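Novice: Questions regarding the structure given below will be posed in turn.
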Amino acid sequence: MVRIAVDMDEVIADFMSKEIRLFNESNGTAYTKEGIAGKKLRELHPEETENIRKRVSDPAYFSDLPLIDGAKEALEKLAEKHEIFITTAAMEFPTSFNAKYAWLKEHFAFIPESHYVFCGDKSIISADYLIDDHMRHLETFRGQGILFAAPHNIMPMKPTSSN
């Protein structure tokens with residue numbers, strides 16, 4: 001059976017929508033996911049990096065993330081014929097474990113708990129495919145990497161001039 005490892009944040013969990021909403025509320029800005037395509041908030045506002053990190057480090061931060069549209073249905077379909085693992089680099093935010101675990105149980109109960117992988121370096125994952133929104137995880141993965149399109153890794157469209 002083919003093994004597919006799927007990242008959590010920005011692949012099945014809409015991390016960025018919450019991050020942008022809280023940033024806008026704290027800073028009086030009006031950013032949208034589309035408006036910051038190809039960037040991260042901490043790149044646009046390096047002076048806010050510590051505040052962003054503090055918000056994300058809140059143990060409850062990951063508990064109410066919205067689902068990425070179609071993620072649950074896609075994984076249900078894949079799980080019919082493939083072995084699915086949810087992989088998350090949770091060590092970047094070690095306080096996130098309980099909230100992420102509860103979130104997965106709530107939204108993806110059809111995936112066995114033994115297939116929830118909380119790690120740091122995803123090169124340890126033994127799967128045929130890894131679907132992730134960060135190239136750094138795909139570069140060290142031994143199987144086939146699939147880059148999932150997310151706001152931070154999409155290049156904004158350049159305006160074209162008409163002659």
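Novice: In the stretch 118-144, what residues are among the hydrophobic types (A, V, I, L, M, F, W, C), under 14 Å from the mean Cα position of the chain (by Cα) and buried (at least 18 other Cβ atoms within 10 Å of the Cβ)?
Specialist: L130, I131, L138
Novice: Considering (1) under 28 Å from I124 (Cβ atoms); (2) in contact (Cβ under 8 Å) with a residue 24 or more places away in the chain; (3) touching an Asp or Glu at 6+ places or on another chain (Cβ under 9 Å), say which one S26 fails and leave the rest.
Specialist: All conditions pass for S26, except number (1).
Novice: Ok, one more. Among the residues of the stretch 83-104, are any among the basic types (K, R), open to solvent by less than 40 Å² (accessible area, probe 1.4 Å) and within 25 Å of I146 (Cα to Cα)?
Specialist: yes
Novice: So F108 ticks every box in (1) without any contact (Cβ under 8 Å) to a residue 40 or more places away in the chain; (2) buried (at least 17 other Cβ atoms within 10 Å of the Cβ) but one. Which box is left unticked?
Specialist: Exception for F108: condition (1).
Novice: Quickly run through the stretch 6-21 and pick out the residues that are part of a loop (DSSP other than H, G, I, E, B) and of a type in the set (V, I, T).
Specialist: V11, I12
Novice: If you don't mind, another one. In the stretch 1-54, which residue that is aromatic (F, W, Y) and either closer than 30 Å to R142 by Cβ or open to solvent by less than 30 Å² (accessible area, probe 1.4 Å) (or both) is farthest from the chain's Cα centre (by Cα)?
Specialist: Filtering the stretch 1-54 for residues that are aromatic (F, W, Y) and either closer than 30 Å to R142 by Cβ or open to solvent by less than 30 Å² (accessible area, probe 1.4 Å) (or both), the one farthest from the chain's Cα centre (by Cα) comes out as F23.
The values are calculated or read from the model by the stated rules, or taken from the named source; none is laboratory data. Fair warning: this is a prediction, and the values are worked out from it, not measured in the lab. With ideal geometry, Cβ positions are generated from the backbone for all residues, glycine too; neighbour counts draw on all protein chains shown. To get the accessible areas, we keep the full protein, side chains included, count just its heavy atoms, and leave off ligands, DNA and RNA. Shrake-Rupley method; radii C 1.70, N 1.55, O 1.52, S 1.80 Å.
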